[in-house]
Amino acid sequence: MQFVFVSKIMLMVNIFVIFLEKMQKDKERLEAMKKTALIMAGGRGERFWPKSRKSLPKQFLSLTDDGRTMIQLTVERIRPLIDLEDIYISTNRAYRGLVMEQLPGIPPENILCEPVGRNTAPCIGLGAVHIAKKYEDAVMMVLPSDHLIKYNQMFLNSLKDGCSIAEKGKNLVTIGITPDYPETGYGYIKFLPQQADGNAYAVDRFVEKPDMETAKEYLESEEYLWNSGMFIWKVSTILDNMKSMLPDLHQGLLNIAEAIGTDKQEMVLEKVFPELESVSIDYGVMEKAENIFILPGVFGWDDVGSWLAVERIQKSNESGNVVTGNIITINSKNNIIQGGKKLIAAVGLENLIIVDTEDATLICDKGNTPDIKLVLENLKICNREEYL
């Protein structure tokens, strides 16, 4: 009898402990700030010409073997942390249809169409006032739409760490990429060597794209990370910083915010946004702000900046060729060849990029990939807009 009584007591204690644990988890869930994301998808991706065009820029292309586009992969990557209704897409109005087609789960009101491109600070500010209108305050992640991540769970862990730091106060968090070679095409961020908060370091300064010798010095010092353009902060934090450092921009954003949800929303956006200062978030805020933290990213990041990235994200054959489409190669090695139904036969070729589309074909030595932009400049000068 006594044993039965004790067992009942133990059962009641266990139930009570489970109840308390549930209460604590519910409390933590309620106390945690709403997590949101702004995905920037307004770029033109000119270095991926001739596949990337005005009408179909890089972020809406599939460059991986699974057939999903880059913007689709970006959204899928963050879904374990953020509800679809809290993901915002900032893009050019010409791409609204593409966003709706490729991301049908995103609410139409979350597709923020800029009348003109005004750089990243106005883009981020527009997203911030929309989120503030909905939630008053929330954690806001800012992510490019055209990056690839190899290790998604490690990436999510970095985002979680960043959210925790951003929630604690007026902290601005960025994710840097641990460099493994001296890259001259990226900006760098110098951090202080002592860890400041968990895995994060305090930021010393942002630096521009270096020359090769300087890039080698940065790599050897182990005190610099590549600037990935990914940020995490509270909406109130970034808007307060804009108010302090970019007051005219901030006032313009407030004017836009007043019209959100009214029948004047598009009219006000059309009038005010083009008048905002065109300034990057790095130059306008991050280079001058305090309380900046950086998390080193080691999750297989690639910014897919040019056709050379295809070698890193797709498998090559035994001759080092990366081919897509109806391709035959004879005595050819280390080429990137992108085609379609049309047969492309490559004979005796080495270190070339060949991209064939319906109306244009690119043939480029790998060492000259930066000069693809000169093709576009020439087309503009010659008023051959149909190829842009």
Charge context of A37, other residues only, Cβ under 14 angstrom, K/R +1, D/E -1: +3
Report the Rg/Rh value for region 115-183, based on alpha-carbon coordinates and the Kirkwood definition of Rh. 1.01
With the convex hull built on the Cα atoms of the chain, state its orientation-averaged projected area in nm². 26.7
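Only bridges with both residues in region 168-323 count here: give the DSSP antiparallel percent, nearest 5.
75
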Below 8 Å between Cα atoms, with a sequence gap of 6+, how large is the relative contact order for the chain in percent? 17
For the chain, with only Lys/Arg (+1) and Asp/Glu (-1) charged at the beta-carbon, what is the dipole magnitude about the Cα centre, in debye rounded to 20? 940
For the chain, with all protein chains present and a 1.4 Å probe, just round the carbon and sulfur fraction of the accessible area to a whole percent. 52
Helix by helix through the chain, keep the DSSP H runs that span 24 Å or more along the axis on Cα and average at least -0.5 on Kyte-Doolittle, and give those back in order. 2-31, 152-168
Among DSSP beta bridges lying fully in the chain, give the percent that are antiparallel, nearest 5. 45
Shape of region 65-162, Cα gyration tensor, a/c cut at 1.5: oblate
Working only with C-alpha atoms, what are the Rg and Dmax values of region 81-220, expressed in angstrom? 17.4, 48
Grab the alpha carbons of region 83-124, take their convex hull, and tell me the volume per residue in Å³. 67
Structure-based [θ]222 nm, the chain - -39500 (n - 2.57) summed over DSSP H runs of at least 4, per residue, nearest 500: -11000 deg cm²/dmol
How large is Rg over Rh for region 215-339, taking Rg from the Cα atoms and Rh as the Kirkwood inverse mean of 1/r across Cα pairs? 1.17
For region 149-252, treating each Cα as an identical point scatterer without solvent, what Debye log10 I(q)/I(0) comes out at q = 0.25 1/Å? -1.30
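For region 256-388, with only Lys/Arg (+1) and Asp/Glu (-1) charged at the beta-carbon, what is the dipole magnitude about the Cα centre, in debye rounded to 20?
The dipole of region 256-388 has a size of about 660 debye.
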Positive-end residue of A132, Q314, Q102, charge dipole of the chain with Cβ unit charges: Q102
Taking a cut-off of 28 Å between Cα atoms, list the lysines near K190, but don't count ones fewer than 8 places away on the same chain. K35, K150, K160, K168, K170, K209, K216, K234, K243, K288
On average, how much area does the Cα convex hull of region 252-305 cover when viewed from any direction, in nm²? 6.7
Could you tally the net charge around I149, taking each other residue with its Cβ under 11 Å from the Cβ of I149, Lys/Arg +1 and Asp/Glu -1? -1
Give the whole-number value, in cubic angstrom per residue, of the convex hull volume spanned by the C-alpha atoms of region 313-388. 98
Can you give me the Cα centroid spacing of region 97-156 and region 210-286 in angstrom? 13
Just the number please: accessible area per residue for the chain, 1.4 Å probe, all protein chains included, in Å². 51
With only alpha-carbon atoms in the gyration tensor, what are the semi-axes of the equivalent ellipsoid for region 263-334, in Å, largest first? 44, 23, 11
With every protein chain in place, what's the accessible area of K366 (1.4 Å probe, Å², nearest 10)? 30
What FRET efficiency would be calculated for the residue pair I313, D365, taking the C-beta separation as r and a Förster radius of 22 Å, to the nearest 0.05? 0.60
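About its Cα centre, how strong a charge dipole does region 197-282 have in debye, to the nearest 20, once Lys and Arg get +1 and Asp and Glu get -1 at the Cβ?
380
The values are calculated or read from the model by the stated rules, or taken from the named source; none is laboratory data. Owing to the predicted nature of the structure, the values given are computational and were not obtained by experimental measurement. Positions of Cβ are backbone-derived with ideal geometry, glycine not excepted, and every protein chain shown enters the neighbour counts. Protein only, heavy atoms only, side chains kept; ligands, DNA and RNA dropped before computing areas. Shrake-Rupley method; radii C 1.70, N 1.55, O 1.52, S 1.80 Å.
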